[in-house]
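Asks: Right, I'll just put the structure down here and ask away after.
The values are calculated or read from the model by the stated rules, or taken from the named source; none is laboratory data. Predicted, not measured: the structure shown is a model, and the values here were computed from it. Neighbour counts run over all protein chains shown; Cβ positions are idealised from the backbone, glycine included. We work out accessible area using only protein heavy atoms, side chains counted, and drop any ligands, DNA or RNA first. Shrake-Rupley method; radii C 1.70, N 1.55, O 1.52, S 1.80 Å.
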Amino acid sequence: FAGEYDYVLELLRNCYFPTREGVANFHDIYVDALLLAGYAQLEKGQASEAVSLFREAFTYPANHQVFLVDERTPRDAEIYVAEARALEVMGEKAAALESWKAAAAVDTQTSDARYWKAVAQKHLGDKKAARALFRELVKDGKARMVQDIVNFYGAEGTTGVTVESINAAALYTRALGEEGLGHHLKSRRLMSEVRRLDPAHLGAAQYRKLL
């Protein structure tokens, strides 16, 4: 359903998704759908609609059966950056500034959301802090590469991780850091390798739109 944002969001808003063991990223699917739909609206000049979609990404609908237990939500940084960009297009400079500040203040822990925190820091003029986070992403991406892995869920066939999925995630982390450091060609090559290892990797497939 790539690009069919209205249809996908209709399903996510109106269907019931019971909690299932092993599904830990359902909320990310919801956030991805809203961010991509928002950026699609922004490309069409519909900044107000984009803001509404981005803000919806902060919510946890009851029909998803996803419960917010840990309030440290790293992806909030990405959502705030998207919101700030749309608000700037609308000419809402004061509101956009608050969103940039909110993005820079998010506890992104050691997740890829550090990229968005750094983007916000750079926008706010703290280039030193931003560069440090971009370098962390490159370093962590290199360190997370593996040659083999013991898959304890291998007997189930479709559950667990593989060498390819681990390395795709690691290369994506590194690519984000390289992009932030201004090494765009290197980032693009890494994104291509991510897609080779994991053709379904949404971030690598949509990075030009999202970053």
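Asks: Output the residues belonging to the range 198-208 that are closer than 16 Å to residue 112 by Cβ and either surrounded by fewer than 19 Cβ atoms within 10 Å (Cβ to Cβ) or of a type outside the set (Asp, Glu) (or both). First the steps, then the outcome.
Replies: Going through the range 198-208, the residues closer than 16 Å to residue 112 by Cβ turn out to be 198, 201-207.
Answer for the range 198-208, where residues must be closer than 16 Å to residue 112 by Cβ and either surrounded by fewer than 19 Cβ atoms within 10 Å (Cβ to Cβ) or of a type outside the set (Asp, Glu) (or both): 201, 202, 203, 204, 205, 206, 207.
Asks: Picking from 200, 155, 205, 175, which residue would you name as being hydrophobic (A, V, I, L, M, F, W, C), on the phi < 0 side of the Ramachandran plot and modelled with pLDDT of 90 or more? Give the steps one after another, and end with the answer.
Replies: Details: 200 fails: modelled with pLDDT of 90 or more; 155 fails: modelled with pLDDT of 90 or more; 205 fails: modelled with pLDDT of 90 or more.
Sole residue among the options that is hydrophobic (A, V, I, L, M, F, W, C), on the phi < 0 side of the Ramachandran plot and modelled with pLDDT of 90 or more: 175.
Asks: Let me ask something additional. Based on this model, can you work out whether residue 118 counts as more than 24 Å from residue 162 (Cα to Cα), open to solvent by less than 10 Å² (accessible area, probe 1.4 Å) and in a helix (DSSP H, G or I)? Give the derivation first.
Replies: Working: more than 24 Å from residue 162 (Cα to Cα): yes; open to solvent by less than 10 Å² (accessible area, probe 1.4 Å): yes; in a helix (DSSP H, G or I): yes.
Spelling it out, residue 118 is indeed more than 24 Å from residue 162 (Cα to Cα), open to solvent by less than 10 Å² (accessible area, probe 1.4 Å) and in a helix (DSSP H, G or I).
Asks: Being without any contact (Cβ under 8 Å) to a residue 24 or more places away in the chain, in a helix (DSSP H, G or I) and small (Gly, Ala, Ser) is the filter here; which residues of the range 80-103 pass it?
Replies: Within the range 80-103, 94, 95, 96, 99 meet the criteria.
Asks: Here is a follow-up. Can you name the condition, by its number, that residue 6 falls short on among (1) at pLDDT 90 or above; (2) exposed (fewer than 13 other Cβ atoms within 10 Å of the Cβ)?
Replies: Every listed condition holds for residue 6 apart from (1).
Asks: A further question on this structure: Is it true that some residue in the range 105-112 is in a helix (DSSP H, G or I), open to solvent by 20 Å² or more (accessible area, probe 1.4 Å) and at pLDDT 95 or above? Before you say what the answer is, go through the steps one by one.
Replies: The initial filter retains those residues of the range 105-112 that are in a helix (DSSP H, G or I), namely 105.
In the following step, the residues that additionally are open to solvent by 20 Å² or more (accessible area, probe 1.4 Å) were identified as 105.
In the following step, the residues that additionally are at pLDDT 95 or above were identified as 105.
Scanning the range 105-112 turns up at least one residue that is in a helix (DSSP H, G or I), open to solvent by 20 Å² or more (accessible area, probe 1.4 Å) and at pLDDT 95 or above.
Asks: So, one more: One residue is enough: does the range 130-150 have a residue meeting the conditions open to solvent by less than 50 Å² (accessible area, probe 1.4 Å), outside any loop (DSSP other than H, G, I, E, B) and acidic (Asp, Glu)?
Replies: Yes: one or more hits.
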